[in-house]
Amino acid sequence: MGSQENDECLPPPPPIVPSDVEPVKIEPEVVKKKGPIRIPMARPGLGRKGNKLPLLTNHFKVDVANTDGYFYQYSVALFYEDGRPVEGKGSGRKILDRVQETYNSDLNGKDLAYDGEKTLFTIGSLAQNKLEFTVVLEDVTSNRNNGNRSPEANGSPNDADRKRVRKSFRSKTYKVEISFASKIPLQAIANALRGNETENYQEAIRVLDIILRQHAAKQGCLLVRQNFFHNDAKNFTDVGGGVLGVRGLHSSFRTTQSGLSLNIDVSTTMIVRPGPVVDFLIANQNARDPFNLDWAKAKRTLKNLRIKTSPSNQEYKITGLSEMPCREQLFILKKKGGGEDETEEITVYDYFVNRRNIPLQYSADLPCINVGKPKRPTYVPIELCDLVSLQRYTKALSTLQRSSLVEKSRQKPQERMKVLSDALRTSNYGSEPMLRNCGISITSGFTQVDGRVLQAPRLKFGNGEDFNPRNGRWNFNNKKIVQPVKITKWAVVNFSARCDVRGLVRDLIKCGGMKGIQVEPPFDVFEEQGHLRRSPPLARVEKMFEIVQSKLPDAPKFLLCLLPDRKNSELYGPWKKKNLAEFGIVTQCIAPSRVNDQYLTNVLLKINAKLGGMNSLLGVEHSPSIPIISKAPTLILGMDVSHGSPGQSDIPSIAAVVSSRQWPLISKYRACVRTQGSKVEMIDNLFKPVPDTKDDEGIIRELLIDFYNSSGGRKPDNIIIFRDGVSESQFNQVLNIELGNIIEACKYLDDKWNPKFTVIVAQKNHHTKFFQPGAPDNVPAGTVVDNKICHPRNYDFYMCAHAGMIGTSRPTHYHVLLDEIGFSADDLQELVHSLSYVYQRSTTAISVVAPICYAHLAASQVGQFMKFEDRSETASVPGGINGSPVPQLPKLQERVCNSMFFV
């Protein structure tokens with residue numbers, strides 16, 4: 001830069017202050033210091049307990065030869081010829097490819113890693129910090145030109161239009177601006193592998209992931225974050241409702257203790273079924289034929305999907321449907337051979353059938369597809385429209401679709417290994433020039449890791465019987481429940497379920513006797529009257545309660561509720577709300593289809609736990625000998641937030657925290673559930689001081705007081721927090737915001753009290769799998785891995801506590817963010833393992849610790865309270881959208897709020 005330019009960059013001279021003016025001193029703002037920022041702790045050491053087991057994992061070692069260079073990051077701006085910015089995705093990659101073809105020398109012959117939107121990366125810099133190019137592109141998919149129809153053809157394209165279309169789209173001019181943004185040293189990856197992560201490291205890894213995405217995009221894949229789906233019918237599976245499951249690949253780079261690795265896994269997404277639009281709609285709505293379709297629903301379903309029209313084979317985006325059927329829908333057409341202003345009105349049907357000689361079989365009485373702009377519609381008869389392949393279906397799946405997808409996408413471990421090996425071979429990453437230029441090569445063999453299988457904890461049952469579960473499983477055949485409750489003052493309500501209710505009650509009493517639970521005969525069985533079955537769910541529940549109240553002398557302790565539908569009965573939410581929030585009655589819902597001894601045992605396990613009993617205990621709980629925990633009062637918290645289904649942005653998120661009670665037990669819990677803003681992941685009601693009082697209405701105070709009352713007047717010295725559902729980018733928030741709020745809630749109760757904390761995040765949503773070399777089975781229950789593929793610095797481990805009976809087991813990835821309590825690696829892993837065996841509604845070890853499962857159950861069960869409420873109650877206060885308040889959940893009645901109502 002010349003000296004003149006430098007002068008221009010200097011700030012203006014300061015104004016001259018008169019001598020008699022005293023400058024005002026600005027007092028520094030007092031910032032309330034909240035203590036040092038916490039960061040995730042470093043790994044203190046490796047675990048040693050358990051039987052050694054060599055395993056393979058779907059991480060593939062990556063060699064990085066070049067760590068001296070830099071990635072240069074550039075911002076990309078795309079414009080049409082007239083200066084309008086290019087909106088929407090889709091054309092960016094084609095435009096950048098053309099830039100690279102046309103201006104290769106201006107780009108120094110460099111390869112570009114482009115994210116498809118506003119950013120690209122190169123290895124080494126381009127010639128200048130700002131470059132501008134103009135490119136002409138042929139054959140861009142036609143969803144850009146919907147507004148380019150000639151005014152005379154306000155409707156469907158005529159011949160003149162098609163000529164214009166050919167001319168205008170087959171060649172379109174774009175302006176491209178590329179400007180330098182930053183540079184990222186490749187050295188950042190090497191530093192991260194030594195455990196020294198800088199901000200640059202995340203960026204450098206992101207570049208590598210973008211190179212893989214681009215590699216997949218060039219092969220015509222659908223990209224969903226770091227998952228790639230090929231347009232290959234052999235990977236498609238029909239899950240019903242016009243939806244296909246598509247099997248694809250996930251691949252992402254990870255820094256691990258043994259270097260950089262590429263994690264490749266099988267992944268699945270949903271797409272709309274390609275082919276005729278009508279066929280998709282019939283399947284989607286389960287209709288008999290196109291004449292029975294709900295067109296308002298069809299319009300919502302089709303909006304923004306892409307179609308190809310025949311016979312022109314042009315591609316468009318659907319913007320809507322015509323108001324009138326095809327044979328009545330008029331548009332204005334320019335007359336052939338007439339003057340400029342000579343036009344005629346014609347129906348879409350007449351135009352296609354008589355002017356263009358395209359026969360239509362069934363479209364005449366159906367709406368047309370609109371692919372035009374709102375003010376300038378362009379109509380196409382529906383039978384000429386085919387949905388393009390690989391378009392994501394983003395709406396929530398029905399219960400049947402979900403179970404079909406799960407069933408059809410399961411793979412046994414050996415099958416999954418073969419699919420991954422083949423995928424790595426066909427992906428041909430070795431041919432990717434940018435990876436080669438970074439000196440990156442990917443080995444084809446699965447990484448070997450050292451697994452250890454922990455011994456299952458000893459369980460205690462009734463009559464003093466002890467038992468060691470085998471491969472994470474046990475049953476109650478010939479066993480008694482360790483702490484049974486007596487079931488008295490109860491009744492049965494039957495909402496039209498077809499079953500032998502008297503026989504069911506008889507078998508339940510008999511089965512209870514065998515398990516050590518004394519079940520008295522019920523007071524009565526209340527059958528729903530037939531004429532009520534078509535009433536709204538809320539009305540049916542109200543009516544049933546009126547009958548129960550009129551017949552029972554006083555409130556029952558327990559109600560067994562028979563529902564007519566499996567899984568998703570609309571009665572469930574209002575029924576639970578009525579019982580738990582209004583009357584404080586423990587209730588168990590069942591939808592009996594196949595009733596046998598195993599089914600009744602499972603129902604009794606739930607009822608016993610809900611009424612305050614315990615089904616089994618850990619031996620170490622009974623004779624308090626759990627390392628650290630048995631020696632000092634310890635509170636265990638499980639925390640989770642559940643969000644609405646995809647596309648439901650107006651439903652509040654639900655935060656649930658469960659806490660252990662009756663120390664030294666670690667099997668008994670109670671829950672506290674609150675609503676918060678939609679899609680907010682951090683729990684915002686942990687500490688909630690009430691202005692001008694010494695009260696705190698937050699979740700933690702409620703749970704601490706319960707622990708104190710249920711544990712002989714002791715405050716916890718140690719608090720162990722298990723947090724579900726947060727990604728690595730949110731770990732610092734968990735440590736600094738959530739833990740900060742929990743500490744404040746403790747101080748608010750007693751400012752001299754300083755409990756020690758251990759914070760552990762559990763992740764199930766990752767792509768690491770383990771395989772036994774040469775064996776067809778899943779890894780055994782209790783398998784733990786804390787080496788080679790774990791983080792180079794942070795404290796994490798993988799655990800498969802459960803026995804995977806179907807598909808390939810997914811281990812839980814535990815991240816220990818903080819451990820003030822001071823567990824050894826072995827003791828902490830044993831604790832996590834043990835907490836997978838205290839889940840009261842199951843006779844197997846579960847895949848993630850029980851407190852997290854309970855938090856998940858509590859959030860989803862209480863969430864049902866809101867799901868089926870009369871919408872008018874909550875209509876004025878959607879989930880914190882546009883600044884309106886979040887609707888609050890009703891408080892649970894005192895008689896049930898401390899129970900395990902959620903099991």
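The values are calculated or read from the model by the stated rules, or taken from the named source; none is laboratory data. Quick caveat: nothing in here was measured; it's all calculated off a predicted structure. In this analysis, Cβ positions are derived from the backbone assuming ideal geometry, glycine residues included, and neighbour counts consider all displayed protein chains. When the accessible area is computed, the model is the full protein with side chains, heavy atoms only, and any ligands, DNA or RNA have been set aside. Shrake-Rupley method; radii C 1.70, N 1.55, O 1.52, S 1.80 Å.
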Checklist line | Computed label-point distance, nm, for sites ARG498 and ASN286 using a 7 Å Cα→Cβ extension | finding: 1.6
Check: Taking a 20 Å limit on the Cα-Cα distance, which of the listed pairs LYS577/LYS610; LYS764/LYS891; LYS94/LYS172; LYS631/LYS688; LYS89/LYS317 fall beyond it?
Finding: LYS764/LYS891; LYS631/LYS688
Note to self: List the chymotrypsin sites (Phe, Trp or Tyr not before Pro) within the stretch 50-143 that DSSP assigns to loop and that have no more than 16 neighbouring Cβ atoms inside 10 Å.
What the structure shows: TYR103
Margin query: If I model a spin label at SER75 and THR119 as a point 7 Å from the Cα along the Cα→Cβ vector, what separation in nanometres do I get?
Written below: 1.3
Margin query: Taking the alpha-carbon distance from LYS297 and a cut-off under 20 Å, which aspartates and glutamates remain once sequence neighbours fewer than 8 residues away in the same chain are dropped?
Written below: ASP279, ASP289, GLU323, ASP365, GLU383, ASP386, ASP650
Checklist line | Span from the the stretch 676-723 Cα centroid across to the the stretch 283-316 one, whole angstrom | finding: 51
Notebook entry, point to check: Once you charge only the Cβ atoms, +1 for Lys and Arg and -1 for Asp and Glu, what is the size of the charge dipole of the chain about its Cα centre, to the nearest 20 debye?
Noted result: 2840
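Using the beta-carbon distance between ASN428 and HIS622 and R0 = 41 Å, what value does 1/(1 + (r/R0)^6) give for FRET efficiency, to the nearest 0.05?
Values: r = 58 Å, r/R0 = 1.42.
About 0.10, to the nearest 0.05.
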Note to self: Over the Cα atoms of the stretch 369-408, what radius of gyration and what Dmax do you get, in Å?
What the structure shows: 16.1, 46
Checklist line | Read-out Cα extents along the principal axes in Å, derived from the coordinates shown; its label in (1) 192, 60, 55; (2) 96, 82, 79; (3) 153, 114, 59 | finding: (2)
Notebook entry, point to check: When only Cα pairs under 8 Å and 6 or more residues apart are kept, what is the percent relative contact order across the stretch 474-604?
Noted result: 31
Next item on the list: May I ask you to derive the relative contact order of the chain, considering only C-alpha pairs under 8 Å and at least 6 residues apart, and to give it as an integer percent?
Entry: 14
Check: Distance from the Cα centre of the stretch 737-776 to that of the stretch 481-518, in angstrom?
Finding: 38
Checklist line | Lysine pair count for the stretch 368-519 [Cα-Cα under 25 Å; pairs on different chains or 8 or more apart] | finding: 17
Margin query: Tell me the angle of helix 537-551 to the major Cα principal axis of the chain, expressed in degrees between 0 and 90 and rounded to the nearest ten.
Written below: 10
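What does DSSP give for the stretch 590-749 in terms of the percent of beta bridges that are antiparallel, rounded to the nearest 5? Mind showing how you got there, number by number?
On the way: 15 of 21 bridges.
Counting only bridges with both partners in the stretch 590-749, antiparallel ones make up about 70 percent.
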Margin query: Just want the answer: with Cβ charges of +1 for Lys and Arg and -1 for Asp and Glu, which residue in PRO885, VAL86, ALA671 is farthest toward the dipole's positive end in the chain?
Written below: ALA671
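Just how large is the dipole of the stretch 710-817 about the Cα centre, in debye to the nearest 20, putting +1 at every Lys and Arg Cβ and -1 at every Asp and Glu Cβ?
Once rounded to the nearest 20, the dipole reads 100 debye.
Per the 1.4 Å probe, what fraction of the accessible area of the stretch 513-641, in percent, lies on carbon and sulfur atoms?
Numbers: 2790 of 5500 Å².
Within the stretch 513-641, the accessible surface is 51 percent carbon and sulfur.
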Margin query: Quick check for you: with a 1.4 Å probe and neighbouring chains kept, what is the accessible area per residue of the stretch 573-617, in Å²?
Written below: 28
Notebook entry, point to check: Quick one: accessible area per residue over the stretch 700-857, 1.4 Å probe, rounded to a whole number of Å²?
Noted result: 31
Next item on the list: Counting only heavy atoms of the protein chains, get the accessible area per residue of the stretch 431-512 (1.4 Å probe) and round it to a whole Å² value.
Entry: 48
Notebook entry, point to check: Relative to the first principal axis of the alpha-carbon coordinates of the chain, what is the inclination of helix 825-834, with its axis defined by its Cα atoms, in degrees from 0 to 90 and to the nearest 10?
Noted result: 80
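Using helices alone, what [θ] at 222 nm do you get for the chain, with -39,500 (n - 2.57) per DSSP H run of 4 or more residues, divided over all residues and rounded to the nearest 500? Walk me through the numbers before you get to the answer.
Working: 21 runs with 218 residues, N = 903.
Computed ellipticity for the chain at 222 nm equals -7000 deg cm²/dmol.
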Check: Separation between the ARG84 and SER550 pseudo-spin-labels, each 7 Å from Cα along Cα→Cβ, expressed in nm?
Finding: 6.7
Next item on the list: Take every Cα pair under 8 Å in the stretch 594-661 that's 6+ residues apart, average their separations, divide by the length, and report that relative contact order as a whole percent.
Entry: 21
Checklist line | Segment ARG594-ASN437, extension gain: residue separation times 0.36 nm, minus the distance between their alpha carbons | finding: 50.3 nm
Margin query: Straight-line reach from LYS694: which lysines fall under 17 Å, measuring Cα to Cα and dropping same-chain residues less than 8 apart?
Written below: LYS747, LYS752
Next item on the list: Round to the nearest 0.05 the FRET efficiency obtained for ALA42 and ARG356 when R0 = 56 Å and r is the Cβ-Cβ distance.
Entry: 0.20
Next item on the list: Out of all DSSP beta bridges with both ends in the chain, state the antiparallel percent to the nearest 5.
Entry: 85
Notebook entry, point to check: Between the helical axis of 850-867 and the dominant principal axis of the chain, each derived from Cα atoms, what acute angle in degrees is found, rounded to the nearest 10?
Noted result: 70
Note to self: Please give me the summed charge of the neighbours of VAL595: other residues whose Cβ is under 10 Å from its Cβ, Lys and Arg +1, Asp and Glu -1.
What the structure shows: -2
Check: For ALA775 and ASN754, FRET efficiency with R0 = 51 Å and r from the beta-carbon atoms, rounded to 0.05?
Finding: 0.55
